[in-house]
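No lab work stands behind these numbers, since they all come straight from the coordinates. Note that the structure is predicted; figures quoted are calculated from it, not measured. We place every Cβ from the backbone using ideal geometry, glycine too, and count neighbours over all the protein chains shown.
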Amino acid sequence: MDTAIRTERLTKSYGRQRGVVELDLEVEQGEIFGYLGPNGAGKTTTIRVLLDLIRPTSGRALVFDIETTADPVAIHRRTGYLPGEFSLYDRLTGGETIEYFANLRGGVDAAYQRSLIERLDLDPSRRYREYSKGNKQKVALVIAFQHRPDLLVLDEPTAGLDPLVQLEFFTWMAAAKRDGRTVFLSSHLIGEVEKSCDRVAILREGRLVQVDRVEALHDLSVHQVELRFSGPVPAATFAAIPGVSHLVSEDHILRMHVQGPIAPVVKAAAAFDLVDFVSREPTLEEVFLAQYGKGTIDVE
Amino acid sequence: MSSSLLPLPRRAAHRQAAWPLHGPRSIFTKGLRDSRRSILLAGLGMGFLTLLLGMILSLQFPTAADRQQIVAEMRMLPAAISGLLGEPINIDRLGGFMSWRYGNFMPIMFGIWSVLALSGTLAGEARGGSLEVLAGAPVSRRRIALEKIAVHVVALVGAVTVIALGAWLSGQAFATIPADAIAIGDALAHFAGVALFGLVGGALAFGLGPILGRAAAGGIALATLGDAPEGRLGVGADAAAAPLRPAPGRRPRSRRLPSRPPVRCVPAPSFHFR
């Protein structure tokens, strides 16, 4: 299979500040590739290098076998880009903004463009400054998708979108994959990547720590559970449940990490006089810290 | 009643009106659209000023003798004051008077306009975040920069044309001595030169804007305007021989000049730096 994105020992630093460090990455054409990492890990830096919005300090990046610094316009022609942080033109309406970017591409399929706008339930007649954050995100999504690009580079695409629109967005990505197009999805949300991607790369402090099938994420999905009972309970009952770890017993309270399905823990707790149940999905930073510690991890 | 006869809800009707979508066709046309108000205001404002100056001179100093009186008064001013006002060259004729009154501030005005327009055009987009989306479009950086500069150049050309027309019209309408007439070509060349100066500061602000931010780049560029050239309308290279030549085919207005010797004009280069 051909490669859509390839980086070779790609390094970008901002003076003494670290951006990304010796990144070796390959994204095949036709796959949805998740790019996961906590805020500040270097995801946006990678994307900006791929689109030649910034230049690498060393190493190189290729998109469709074109070196990013050699012919960025040829890359942009085949790419749809949704930045993580952006703003558009307050004086233009949403429709004018969408059509402006369509015109910069020499025009797009008007029927397809209209269908995208309608599926997002976006009112194109309103001025951009009047839109809510979610509607602004919709405008940018249409701009990224409207020319049916071979590669979609999406940086935190669901930010500000309501759940229904997020569902619609995931169908767009699935459709893109069916058409043989490639999606490079940068996110800090495990759930978002888990439900839509084929493979995932995990980035931490500018370095790749893991590149694997998305199923590997399940190992990272750990819930922090706190059970409060009216009286003492045998901790061993819970320690024996598969997936339970870091079990701590304090008075009538049990705290634990649960990896995988949480139902066995709930069933076990129901056998006692349960007063309160708290389950929290840890942040990506907490997961990474628990999984990888602070040390540098070799790329698989 | 058939449902097809019911009017669309207001919001839905508004949405329908948005189709087909219309948007700017290029970075250049979008820039023109964004700047149309400032182009119109700058052009008409400064054009009106030129007309006003012509009217003031013709009303207050209609004769060559009156004009000589201004020249004499200006020569008597202390050097510090006359330096502040600018060197009074050929102020006994409309073109020279206009340049003298304009000479001090018009290059600065063009400079400030250019600095504000060009420092904001890229730095503003970078700060706002739209440059990130624009730079992702299949348009080279060079083209983005050139189209944005082209917008301002067109704006300057428009403003220069309106101001030059104002100066020419002023000469047509308010001339009271033969040398008051202003050739349109001279006026265009003069104001184009002034505008070009403004473009120097603007270019500096444009280049530094995305790196230093709009405020810092604008500040540096504005500091360069301190050396503004002082233009003199109608006193070009050939002006020494034919000071403030009347426009071709133009007959001076019928106001009779007093039977005095013709006004002696001070030749000067078209632009000189203080």
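With helices as the sole contributors, chain A gives -9000 deg cm²/dmol at 222 nm; each DSSP H run of n ≥ 4 counts as -39500 (n - 2.57), and the sum is divided by every residue. Here region A:222-280 is assigned +1 on the Cβ of each Lys and Arg and -1 on the Cβ of each Asp and Glu. Its dipole about the Cα centre then comes out at about 200 debye.
Taking the Cα centre of region A:3-218 as reference, the dipole from Cβ charges on Lys and Arg (+1) and Asp and Glu (-1) amounts to some 480 debye. Name the most mobile residue of A:162, A:123, A:273, meaning the one with the largest mean-square fluctuation, in a Gaussian network model of chain A with Cα contacts below 10 Å. Highest fluctuation of the listed residues: A:273.
Quick one: if you stick a label point 7 Å off each Cα along the C-beta vector at residue A:162 and residue A:60, how many nm between them? About 4.9 nm separates the two model spin labels. Of the residues A:27, A:193, A:248, the one that moves most in a GNM of chain A with alpha-carbon contacts below 10 Å is A:248.
Scoring B:185-192, A:91-98 by mean Cβ neighbours within 10 Å over their residues and listing the highest first yields A:91-98, B:185-192. Can you work out the FRET efficiency for the pair residue B:82 and residue B:22, with r the C-beta to C-beta distance and R0 = 56 Å, to the nearest 0.05? Working from the Cβ atoms, E equals 0.50. Going from the residue with the fewest nearby Cβ atoms within 10 Å to the one with the most, A:195, A:133, A:43 rank A:133, A:195, A:43. Pairs spanning more than 21 Å between alpha-carbon atoms, out of A:136/A:195; A:136/B:30; A:12/B:148; A:43/A:195: A:136/A:195; A:12/B:148.
Net charge of the neighbourhood of residue A:178, taken over other residues with C-beta under 13 Å away and scored Lys/Arg +1, Asp/Glu -1, is 0. The phi torsions of region A:196-205, fed into the Karplus equation with coefficients 6.51, -1.76 and 1.60 and a -60° offset, translate into couplings of 10, 9, 8, 10, 9, 10, 10, 10, 9, 6 Hz, rounded to whole numbers, with Gly and Pro shown as x.
Positive contributions from Lys and Arg (+1) and negative ones from Asp and Glu (-1), summed over other residues with Cβ under 13 Å from the Cβ of residue B:40, come out at +2.
Inter-chain Cβ neighbour count for A:84-94, averaged per residue, equals 5 (cutoff 10 Å, partner chain atoms only). For region A:117-241, the normalised intensity computed at q = 0.15, 0.19 Å⁻¹ comes to -0.81, -1.10 (log10 of I(q)/I(0), Debye sum over alpha carbons, equal scatterers, no solvent).
Sorted from fewest to most neighbouring beta carbons within 10 Å, what does the list A:100, A:35, A:81 look like?
Ranked by crowding around the Cβ, least crowded first: A:100, A:81, A:35.
Computed with the Debye formula from one identical point scatterer per Cα of region A:7-164, without solvent, the log10 of I(q)/I(0) at q = 0.14 Å⁻¹ comes to -0.77. Taking other C-beta atoms within 10 angstrom as a stand-in for reagent exposure, A:66, A:32 fall in the order A:66, A:32, fewest first. The distance between label points at residue A:255 and residue A:8 comes to 4.9 nm (points 7 Å beyond Cα on the Cα→Cβ vector).
Between the helical axis of A:94-104 and the dominant principal axis of chain A, each derived from Cα atoms, what acute angle in degrees is found, rounded to the nearest 10? Its long axis makes an angle of about 60 degrees.
Cβ-Cβ distance of residue B:63 and residue B:40, R₀ of 45 Å, FRET efficiency by 1/(1 + (r/R0)^6): the value works out to about 0.75. Considering all C-alpha pairs of chain A, those separated by over 27 Å amount to 50%. Taking Cβ atoms as reference points and 11 Å as the exclusive limit, the residues near residue A:157 contribute a net charge of -2, counting Lys and Arg as +1 and Asp and Glu as -1. Proximity of backbone amide H atoms, modeled 1.01 Å from N, is registered between residue A:209 and A:202, A:203, A:204 at under 5 Å, excluding neighbours fewer than 5 places apart on the same chain. With the simple model of a label 7 Å out from the Cα in the direction of the Cβ, residue A:228 to residue A:198 spans 4.8 nm. Rounded to the nearest 10 degrees, the inclination of helix A:133-145 to the longest alpha-carbon principal axis of chain A is 60 degrees. Take each residue of peptide A:121-128, count the partner chain Cβ atoms within 10 Å of its Cβ, and average: the result is 3.
Remark: mean inter-chain Cβ contacts per residue of A:143-149 equal 1, using a 10 Å Cβ-Cβ cutoff to other protein chain atoms. Once the C-beta distance of residue A:28 and residue A:276 is scaled by a Förster radius of 56 Å, the resulting FRET efficiency is 0.75 to the nearest 0.05. Answer rounded, prolate or oblate for region B:25-94, using the Cα gyration tensor with square roots of eigenvalues a ≥ b ≥ c: rounded when a/c is under 1.5, else prolate when a/b is larger than b/c, else oblate. In terms of gyration-tensor shape, prolate.
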